[in-house]
Amino acid sequence: MEAKLVKIGPKLAEQWLNKNVGNRKLRDGIVEKYAHDMRNGKWTKCTAPIAFYANGDIADGQHRLWAIIESKTAQSFLVMKGLSKEDGLNIDMGLGRSLVDNARISGFDPTLSHVLISTCRACEEGERTHGTLSSSQRLEMVEKHSEAVQWALANMPVKQYLRNSITLAAMARAWYHEKDKERLKEFGQVFSTGIGNGQKDSAAIALRNYFLIKRGIASNPRNWKEVFHKTQNAIRNFMQGKEISKVRLGRFGEIYPLPKAKVVVEAVK
């Protein structure tokens with residue numbers, strides 16, 4: 001086999017792909033995910049080579065080549081040629097690493113967790129969560145919402161059916177808006193234990209009963225909008241001390257919308 005480092009631009013990537021006659025189907029969202037990072041300067045050095053069989057077919061790397069074309073950038077890859085068809089039997093057959101694995105192994109962020117990533121994404125996207133995101137996109141969401149989500153993780157229940165990315169994200173959104181953090185912390189305690197202090201705490205108990213009766217409701221994406229809005233409404237009712245026996249949607253949709261990014265305007269001298 002021959003191996004060398006090559007800087008690959010869109011034209012070369014297109015030439016190689018046009019010569020390719022046999023490979024797996026492109027997987028939805030992967031090219032777009034890679035292209036996003038390449039386009040935004042987030043693509044890091046890749047140890048996996050662009051590999052070719054002896055007859056010129058691409059053995060490994062078509063998604064990355066398509067991403068180079070999509071992003072209109074040039075990327076450097078180790079290019080290996082001369083693989084036999086038998087060599088292809090073990091390509092990408094090793095145990096894949098998750099973003100959390102790589103963050104811990106590389107020392108980038110030993111504290112990163114799957115629940116932190118998923119909750120930060122839910123906090124950012126709310127009920128609209130969908131599609132495949134690149135590692136850099138997910139890390140950007142973690143950086144943006146980590147403080148709010150870490151607070152929610154520390155103050156929401158660990159009990160099954162009560163703790164999920166939607167309820168955690170609603171609590172994180174409330175953290176941005178509600179000034180009385182002690183009262184907001186009480187919501188988490190009552191929601192967790194089911195023990196409140198009279199009518200003023202009834203909203204947390206009503207939400208708890210909702211999740212325990214409709215077990216697993218938050219696991220279906222079709223329910224996310226309803227669950228997200230009902231959880232926000234219950235939190236707001238709790239914060240205001242309103243007595244409720246059943247959780248309902250708010251009149252105007254989201255109670256705690258995503259905070260707008262602060263724009264710093266530099267004075268023109």
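The values are calculated or read from the model by the stated rules, or taken from the named source; none is laboratory data. The structure presented is a predicted model; accordingly, all values stated were derived computationally and were not measured. Note that we place each Cβ from the backbone using ideal geometry, even for glycine, and neighbour counts take in every protein chain shown.
Okay, residues lined up against (1) under 17 Å from R138 (Cα atoms); (2) surrounded by 11 or more Cβ atoms within 10 Å (Cβ to Cβ); (3) of a type outside the set (S, T, N, Q); (4) at pLDDT below 80:
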residue: G94; (1), (2), (3), (4): no, no, yes, yes
residue: S113; (1), (2), (3), (4): yes, yes, no, no
residue: L116; (1), (2), (3), (4): yes, yes, yes, no
residue: R121; (1), (2), (3), (4): yes, yes, yes, no
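Residues checked against (1) assigned to a loop (DSSP other than H, G, I, E, B); (2) in contact (Cβ under 8 Å) with a residue 40 or more places away in the chain; (3) assigned by TED's automatic domain parsing to the domain that holds L133; (4) crowded, with 16+ Cβ neighbours inside 10 Å:
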{"site": "W16", "(1), (2), (3), (4)": "no, yes, no, yes"}
{"site": "R27", "(1), (2), (3), (4)": "yes, no, no, no"}
{"site": "K33", "(1), (2), (3), (4)": "no, yes, no, yes"}
{"site": "D37", "(1), (2), (3), (4)": "no, yes, no, yes"}
{"site": "A59", "(1), (2), (3), (4)": "no, no, no, yes"}
{"site": "L65", "(1), (2), (3), (4)": "no, yes, no, yes"}
{"site": "I69", "(1), (2), (3), (4)": "no, yes, no, yes"}
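In region 46-92, which residues are of a type in the set (F, W, Y) and touching a Cys at 6+ places or on another chain (Cβ under 9 Å)? Break it down stepwise before answering.
First, the residues of region 46-92 that are of a type in the set (F, W, Y): 52-53, 66, 77.
Of everything in region 46-92, just one residue is of a type in the set (F, W, Y) and touching a Cys at 6+ places or on another chain (Cβ under 9 Å), namely F77.
Return the residue satisfying two criteria in turn: it lies in region 58-84 and is more than 12 Å from A48 (Cβ to Cβ) and among the charged types (D, E, K, R), and of such residues it is nearest to the chain's Cα centre (by Cα).
Result: E70.
Return the total of residues in region 170-188 being in contact (Cβ under 8 Å) with a residue 60 or more places away in the chain and of a type in the set (A, V, I, L, M). Spell out how you get there, then give the answer.
Residues of region 170-188 that are in contact (Cβ under 8 Å) with a residue 60 or more places away in the chain, as a first pass: 170-171, 173-174, 176-178.
Restricting the remaining residues to those that are of a type in the set (A, V, I, L, M) gives 170-171, 174.
The total comes to 3.
Counting only residues that are part of a helix (DSSP H, G or I) and either touching a Lys or Arg at 6+ places or on another chain (Cβ under 7 Å) or not assigned by TED's automatic domain parsing to the domain that holds R121 (or both), how many does region 165-209 have? I'd like the intermediate steps shown before the answer.
Narrowing region 165-209 to residues part of a helix (DSSP H, G or I): 165-177, 181-193, 199-209.
Filter once more, so that each one left must be either touching a Lys or Arg at 6+ places or on another chain (Cβ under 7 Å) or not assigned by TED's automatic domain parsing to the domain that holds R121 (or both): 191-192, 203, 206.
Here the count works out to 4.
Can you name every residue in region 130-149 that is touching a residue at least 40 places away in the same chain (Cβ under 8 Å) and either part of a helix (DSSP H, G or I) or among the hydroxyl-bearing types (S, T, Y) (or both)?
We begin by selecting, within region 130-149, every residue touching a residue at least 40 places away in the same chain (Cβ under 8 Å); these are 130-137, 139.
Within region 130-149, T132, S134, S135, S136, Q137, L139 qualify.
Could you check T132 against (1) at pLDDT below 90; (2) within 26 Å of G253 (Cβ to Cβ); (3) not hydrophobic (A, V, I, L, M, F, W, C) and say which number it fails?
Of the numbered conditions (1) at pLDDT below 90; (2) within 26 Å of G253 (Cβ to Cβ); (3) not hydrophobic (A, V, I, L, M, F, W, C), the odd one out for T132 is (2).
I need the full set of residues from region 103-123 which are touching a residue at least 40 places away in the same chain (Cβ under 8 Å) and over 9 Å from the mean Cα position of the chain (by Cα), in order please.
Answer for region 103-123, where residues must be touching a residue at least 40 places away in the same chain (Cβ under 8 Å) and over 9 Å from the mean Cα position of the chain (by Cα): V115, C123.
Any idea which of L153, L184, L168 is in contact with a helix residue (DSSP H, G or I) (Cβ under 8 Å, 6 or more places away or on another chain), crowded, with 21+ Cβ neighbours inside 10 Å and of a type outside the set (F, W, Y)? Give the steps one after another, and end with the answer.
Numbers: L153 fails: crowded, with 21+ Cβ neighbours inside 10 Å; L184 fails: crowded, with 21+ Cβ neighbours inside 10 Å.
Answer to the selection: L168.
Taking F211 and the conditions (1) buried (at least 21 other Cβ atoms within 10 Å of the Cβ); (2) modelled with pLDDT of 90 or more; (3) in contact with an Asp or Glu (Cβ under 9 Å, 6 or more places away or on another chain), which numbered condition does it fall short on, given that it satisfies the others?
Just one mismatch for F211, condition (3).
Is it true that some residue in region 99-111 is outside any helix (DSSP H, G or I) and under 30 Å from A51 (Cα atoms)?
Residues of region 99-111 that are outside any helix (DSSP H, G or I), as a first pass: 107-111.
If we keep only those that are under 30 Å from A51 (Cα atoms) as well, we get 107-108.
Yes, the conditions are met somewhere in region 99-111.
In region 217-234, is there at least one residue being more than 20 Å from T119 (Cα to Cα), in the same structural domain as P157 (by TED's automatic domain parsing) and assigned to a helix (DSSP H, G or I)?
The initial filter retains those residues of region 217-234 that are more than 20 Å from T119 (Cα to Cα), namely none.
No, every residue in region 217-234 fails to be more than 20 Å from T119 (Cα to Cα), in the same structural domain as P157 (by TED's automatic domain parsing) and assigned to a helix (DSSP H, G or I).
If a residue must be in contact with a helix residue (DSSP H, G or I) (Cβ under 8 Å, 6 or more places away or on another chain) and either within 30 Å of S118 (Cα to Cα) or without any contact (Cβ under 8 Å) to a residue 40 or more places away in the chain (or both), how many such residues does region 74-101 contain?
Initial filter on region 74-101 (in contact with a helix residue (DSSP H, G or I) (Cβ under 8 Å, 6 or more places away or on another chain)): 74-75, 77, 97-100.
Then drop every residue that is not either within 30 Å of S118 (Cα to Cα) or without any contact (Cβ under 8 Å) to a residue 40 or more places away in the chain (or both), which leaves 75, 97-100.
Residues that pass the stated criteria total 5.
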